[in-house]
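Here's the structure we're looking at; comments come further down.
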Amino acid sequence: MKTFKLGGVHPAENKLSNNSPIQVLPIPKQVFIPVSQSLGAPSKPVVNKGDQVKVGQLIAKGEAFISSNIHSSVSGKVLKIDNITDQSDYPKQAIFINVEGDEWDENIDKSDKVKREITLSKEEIIRKIHEMGIVGLGGAAFPSHVKLMVPKGKKADLLIINGVECEPYLTSDYRLMLEKGEEILIGTTILMKGLGVNKAFIGIENNKPDAIKHLTNLAKDFEGIEVFSLKVKYPQGGEKQLIKALTNREVPSGKLPIEVGCVVNNVGTAFAVYEAVQKNKPLFERVVTVTGKTIENPSNFLVRIGTPSSELVEKAGGLPDDTGKIISGGPMMGKALNMIDVPIVKGSSGVLLIEDSETERIAVKNCIRCANCISVCPMGLEPVLLAQYSEKEMFENAEKEHILDCMECGSCQYTCPSGRPLLDYIRLGKFKVGEIIRNRGKK
Amino acid sequence: MNQWKNFSKGFIKDNPVFVLLLGLCPTLAVTSSAINGLGMGLATMFVLVCSNMVISLIKNLIPDKVRIPSFIVIIASFVTIVELIMEGFAPALFEALGIFIPLIVVNCIVLGRAEGFASKQSFISSLIDGLGMGLGFAFALTLLGAVREALGNGSIFGYKFIEGDAILVFILSPGAFIVLGYLIALLNRFKKTT
Amino acid sequence: MAKKESSFLNMVITLFVITGIASLALGGVYNLTKEPIRLAKLAKAEKAIKEVIPGFDRLEIFTVKPTNGTDSLIFNCGYINNELVGTAVESYSNKGYDPTQIKIMVGFTPDGNINNTAVIQQKETPGLGTKMTSPKFKDQFGGKNPKNFILKVKKDGGDVDAITAATISSRAFCGAIQRAYDAYEKENKQRVQNKEQQTQDVVTEEQEEK
Amino acid sequence: MNLLTVSGSPHIHGDNSIKKIMYGVVFAMIPAILISIYFFGLDAVKVLLISVIACMFFEWAIQKFLIKGPLTINDGSALITGILLAFNVPGNLPVWIIIIGAFVSIGIAKMSFGGLGKNPFNPALVGRVFLLISFPVQMTSWPKPNPLFARKVLDAITGPTPLGNLKEELKGGRTVQDILEHGTKMIVDGKEVLYQIPDYAQELLGNMGGSLGEISAVALIIGAIYMLCRKIITWQIPVAYLGSVIVFTGILWLINPNIYINPLFHLVTGGLMLGVFFMATDMVSTPMSSKGQLIFGLGCGVITVIIRVWGAYPEGVSFAILIMNAFAPLINKGFKPKRFGETLKI
Amino acid sequence: MEYLIIIISAIFVSNIVLAQFLGICPFLGVSGKISTSVGMSGAVLFVMTIATIATWLIQTYILVPFGITFLQTISFILVIASLVQMVEIILKKISPPLYQALGIFLPLITTNCAVLGVALLTVSRNYNLMEGVVFAVASALGFGLAMLLFAGIREHLDLMEVPKGMRGVPIALVTAGILALAFMGFTGLV
């Protein structure tokens, strides 16, 4: 069975919401839509206070090359444009909308009928994806149209669809693959066309056998799409790891996947692309997993962007008393929230509640140089050394040890028997090294 | 009062071995017994005092550029004198100290004091500085020798106070490093509290 | 007094003067200590000789090339009233733990027995190899004849009790005695031969006279 | 409701902990402990107990009174050091010497550097070598094994180790064949006895003279398998170590079997198995990358054989591991793990 | 074979730093970083070899024939001091890169007792010229080995929290002690 070789861990999977079909979450009374939901520059609001908006109406425009359009997820009145704290814990500009009914933009095809035929050309596809504000739904939220525009001198020959979902607890991609398999495959075909390749691999970890089976059966009708079953190993969902696992190609340090002719998109993205291109539907809702050991009904919801997380938790059975931590995303790479009202954005894949007793990290002890962190590092780095250099503020040394290659998957800290905050230090180091490099550029 | 400070600084505050970390080679090599340590310390002290005196006397006669070679010649002469005297009158010690007697020449304390102190100060100050530093050095070596001899041989100055086996490592090379390491650590701790 | 300038002439003169004075001073001290040093060395050798052979009133010193090894050995033959009472052989070994030569004095009584041994120079490991100077070790050779006392440590099939944990030094010590003994034997044979020669010569002379 | 905790990812932690690792090692040592008690009886119990108690006491006392830091006495590392130290000394070692060894192991080799994880050298080995050099007599008089349930009156209480006996006899000019077949006449405790090097089966089980824990290769291998399964140790160091010993001694043996004994003898005698599985694999003092660990094992093997064959000490395992410990930081520098996406420029 | 014995002895068995206590000052002072310790070792190798040759020649052809061996100390140190000066000047002229690498270490070497010590040992052990050279090179390599190992350990310790009282020189000395302990395992190799 295929997998990537270097490093990796296998945390308890805890896919509690596996058997909960995607439910549509009722539209909340109010949404907060941050204007910066993708990697790159924030988008610029194009509505004003008091404006009436419809579902799917453009409310913020991505003007820079790497940025994306944002559409209203509800119909109603713009209450204000103000700062709100999002996942990053920093105040960000957001558009507040009071919900009034559910009136959709008339261009959107609301029917359930699956539309297989692709009529748009390569360029039109890319434009459409750009227009509809599609970003990577795996977590990093990289604008999808940028990925499809292969830089000069490079050539893509393979599209990879990421159905790995290697984070414990999360099941949104899994449910999507089960319930919207055909749409995903159509989306994949569209992406292939947009990218100009005739081959696509879908990688799925083998803890989702029914999804693998389902997609493999469906893929028989699609030309050039192959489904691969992968060994369960975190962080297989990382682009570079997935490429390595499926094709054995190794993306050089500091380079993008296109360097080895690959482009990776999430299954959620493929689905969003399908909706955008075939149904003219902007990205204003997504599937989010609400889960945790203590929550009553771990579920998967189809959620409008901008819905406060608290609504999801409420719907899943309410916030248990002994909740110590709320995480946006999975337990390995997700961000801890400092309040429960943080809105769902395009990159939110889950809301995870962690009970008090599991909140505390284990006591930090001396490093015993067991080298576990080195053997699990998927990038082949020495996390212990990087953390020590950061701790001792020897950032130049950290740079020489390629601290910037770290993808912050957290495997090192997960596995450390001494409970050392390796990733915390490495993050600090990465930040400082980035600063040093920028300063060097200035000189 | 000033001269007293000049004299006493070599003992603890600026002890050449424990604090300035100068002349560690002989310090480690010859201190397998207290008496060897004392002998080496006194020999070094003699050279230190004499060279300090002579250098402070002639400091103005020496052009700057040939300062160091001249100092080396003067120091080497005194070392040779010590060597000859020891060979004649204390042959046992001479043998025990071996090549570390000629190596007093390159002992950083001697050249260090000559360059750093005697070439700038008056005759009296230099004499007192040499005496103080020399005594400090001798004290350090004797102390180290005594500790190593006591632990490694069960005796001090040859007087055996425990019969039977002692911890042999301490009079071998690893013991020298370890004992000096802990003596310095102890002194660091001592200094911090006072 | 102003500091001298670092002109070339000044520098050369200064260095010359300093070196000159230093050499003179050293020469003086050397001359003064020459005698004490010689005496000290002599005293040391003498002490060792006295330790290994019984009282004598006259010493005859000569060197002998050993059967193996490059450096010659010093033979000190002690006489009382012109009668040989013992030979102290200064022998050495390069096989000690420290690269410094081990020098020992071995005393032989005229019948070839070892009388006693003394260590002149050694730099073996303190506490281990240095125990070769202790009576417990070096006195075990006293009164033994290497003809029937094998000069090897017991581990190597000999008769010598090695110093605990210092087999190397013990082996070196035995080697040095062996070297002394071999040289002594060789020398003895020659002497006997010489004596026979001499007696023969005397006899022939006597015969001629007759 | 409580306040929410905000912290960086990851938010879950594997079930690995220092305690688990340390007590795993202790568990793996149980077979060897039992064997040592079987062959050496109460003496073994005494040495083990004193060593463990002394090590734990020194760790506790130094942390409490000198360093004044947090007490980590329960993490099991001092316990391991104590057992390993006891494993590395003969069963009849006087109590005060054991205590000195414990002090050196914990005080000098470990706590001086700041305690667990900071010591560049394996503490138990530093203690052992310190004792070996300080007390050569006491450290090299080995009690003869006397199985617990078949206690008999021995003609001599002490005897040599096979390795030591072989080396001395070889230096005396005998051949390997001769020594193995005819044994050695030696004077032990004032009596002349015949010492015969035991056969391989006996040596594997542990019926030979030696330090407490090193005698039984079988017991040590059982422990090692347990640790390998639990992933407490990695395979690299043991394989490289054993492999290099086998290859090196094998070459010598092929050159001249009269003066060099076969590799099997080297494997089952002396402290090799103990060193390979329990001390060369000590995480703290060994290289971290797998390449580095292979180099480390290789170096240990080569130095061990050099000392065993040509050195003054019959056994070279402790020294070899200590010397390679010193090399570990350099190895860590020189042999980095292979980075992902490392572009190889040719 | 003789040479092999000298080499093994000088590097491992009686290592110049760990067993003979020569060159302790640079051993403790310049061993903070691996790169500098390599530079220092290179400089020592260079100077030690030529100094041993020069002093051996002086001893054999001047001091002994004229019976002035009591001038040994003074002549050796002067020869070494001027050699170092000369090396510095020549190196600057003919090989600037090498001078860049070794330059800063050269002045330190004059007072490095390892150089004078090896010269004295060569003479006192009656080595011939070739043996002397081999001994000097091997001693320098032994010095380099000890420096390198030590620098490695110290760089490693830099990343640790060593207890306050032990920080710096004390822990370095204790480490050197344990290193010396480990090297005693080579006892008897020659």
For this session: Taking a probe of 1.4 Å and counting only protein heavy atoms, give the total accessible area buried between chains B and C in Å², rounded to the nearest 100.
Result: 2400
Exercise. So which aspartates and glutamates can A:Lys208 reach, going by Cα to Cα under 14 Å and dropping same-chain residues fewer than 8 places off?
Worked result: A:Glu13, A:Glu165, A:Glu167, A:Asp173, A:Glu179
For this session: Give me the lysines in straight-line cross-link reach of C:Lys34: C-alpha distance below 18 Å, same-chain residues under 8 apart excluded.
Result: C:Lys44
Exercise. Hey, what does the equivalent ellipsoid look like for chain B, semi-axes from the Cα gyration tensor as sqrt of 5 times each eigenvalue, largest first, whole Å?
Worked result: 30, 20, 13
Exercise. Cα extents of chain A along the three principal axes, largest first, in whole Å?
Worked result: 63, 53, 49
Seminar exercise, completed: If unit charges are put on Cβ atoms (+1 for Lys and Arg, -1 for Asp and Glu) and the dipole of the protein assembly as shown is taken about its Cα centre, the option from C:Ile37, A:Gly133, B:Ile85 lying farthest towards the positive end turns out to be A:Gly133
Problem set entry | D versus E: buried accessible surface, summed, Å² (probe 1.4 Å, to nearest 100) | 2400
Problem set entry | Dipole magnitude (debye, nearest 20) for the protein assembly as shown, charges at Cβ of Lys, Arg, Asp, Glu | 2380
Problem set entry | Cα extents of segment A:284-443 along the three principal axes, largest first (Å) | 50, 40, 24
For this session: Measure nothing fancy, just the Cα-based angle from helix D:123-134's long axis to the longest principal axis of chain D, in degrees from 0 to 90, nearest 10.
Result: 40
Exercise. With +1 on each Lys and Arg Cβ and -1 on each Asp and Glu Cβ, how big is the dipole of chain A about its Cα centre, in debye rounded to the nearest 20?
Worked result: 1400
For this session: Could you look at chain E and say what percent of its accessible area is carbon and sulfur, using a 1.4 Å probe and all protein chains?
Result: 71
Problem set entry | segment A:242-315 pair-distance distribution - Cα-Cα, 5 Å bins, rounded % | 3, 12, 16, 13, 12, 14, 15, 11, 4, 0
Seminar exercise, completed: With the 8 Å Cα cutoff and a minimum separation of six or more residues, chain B has a relative contact order in percent of 37
Problem set entry | Alpha carbon Rg of segment A:122-279, scaled by the compact-globule rule 2.2 N^0.38 Å | 0.94
For this session: Report, ordered by chain and residue number, the aspartates and glutamates lying within cross-link reach of C:Lys138, taken as a straight Cα distance under 17 Å and ignoring same-chain residues fewer than 8 apart.
Result: C:Glu51, C:Glu90, C:Glu124, C:Asp159, C:Asp161
Exercise. So if R0 is 56 Å, what FRET efficiency would A:Lys29 and D:Trp96 give, r being the distance between their Cβ atoms, rounded to the nearest 0.05?
Worked result: 0.10
Exercise. Residues with beta-carbon under 13 Å from that of D:Phe27, excluding D:Phe27: net charge, scoring Lys, Arg +1 and Asp, Glu -1?
Worked result: +3
Problem set entry | Label-point separation, A:Asp102 to A:Asn217 (7 Å along Cα→Cβ), nm | 3.0
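Counting partner chain Cβ atoms within 10 Å of every residue's Cβ in C:28-41, what's the average?
5
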Problem set entry | Positive-end residue, chain C charge dipole about Cα centroid, Cβ charges, pick of C:Gly78, C:Gln140, C:Gln122 | C:Gln122
Exercise. FRET efficiency for A:Lys44 and D:Lys291, Cβ-Cβ distance as r, R0 = 60 Å, nearest 0.05?
Worked result: 0.70
Exercise. When all alpha-carbon pairs of segment D:18-139 are counted, what percent fall beyond 24 Å?
Worked result: 22
Seminar exercise, completed: The answer for the net charge of residues other than D:His13 whose Cβ lies under 12 angstrom from its Cβ, with Lys and Arg +1 and Asp and Glu -1, is -1
Seminar exercise, completed: For chain B, the dipole about the Cα centre with charges only on Cβ (Lys and Arg +1, Asp and Glu -1), to the nearest 20 debye, works out at 840
Problem set entry | Label-to-label distance, nm, for residues given as A:Glu435 and D:Tyr200 (7 Å Cα→Cβ offset) | 6.4
Exercise. Counting pairs of Cα atoms in segment A:26-99, how many percent are more than 13 Å apart?
Worked result: 62
Exercise. In the protein assembly as shown, what % of DSSP beta bridges are antiparallel (nearest 5)?
Worked result: 75
Exercise. How much of the calculated P(r) for segment E:46-169 lies past 23 Å, in percent of all Cα pairs?
Worked result: 44
Exercise. In the neighborhood of C:Asn115, defined by Cβ-to-Cβ distances under 13 Å, what is the net charge if each Lys or Arg adds +1 and each Asp or Glu adds -1?
Worked result: 0
Exercise. Of all accessible surface on chain D at a 1.4 Å probe, what whole percent is carbon and sulfur?
Worked result: 69
Exercise. Which one of D:Asn74, A:Asn48, E:Leu83 is farthest out on the positive end of the charge dipole of the protein assembly as shown, using unit charges on Cβ (Lys, Arg +1; Asp, Glu -1) and the Cα centre as origin?
Worked result: A:Asn48
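The values are calculated or read from the model by the stated rules, or taken from the named source; none is laboratory data. Here the structure is a predicted model, which means the values were calculated and not measured. With ideal geometry, Cβ positions are generated from the backbone for all residues, glycine too; neighbour counts draw on all protein chains shown. Calculation scope for accessible area: heavy atoms of the full protein, side chains included, ligands and nucleic acids excluded. Shrake-Rupley method; radii C 1.70, N 1.55, O 1.52, S 1.80 Å.
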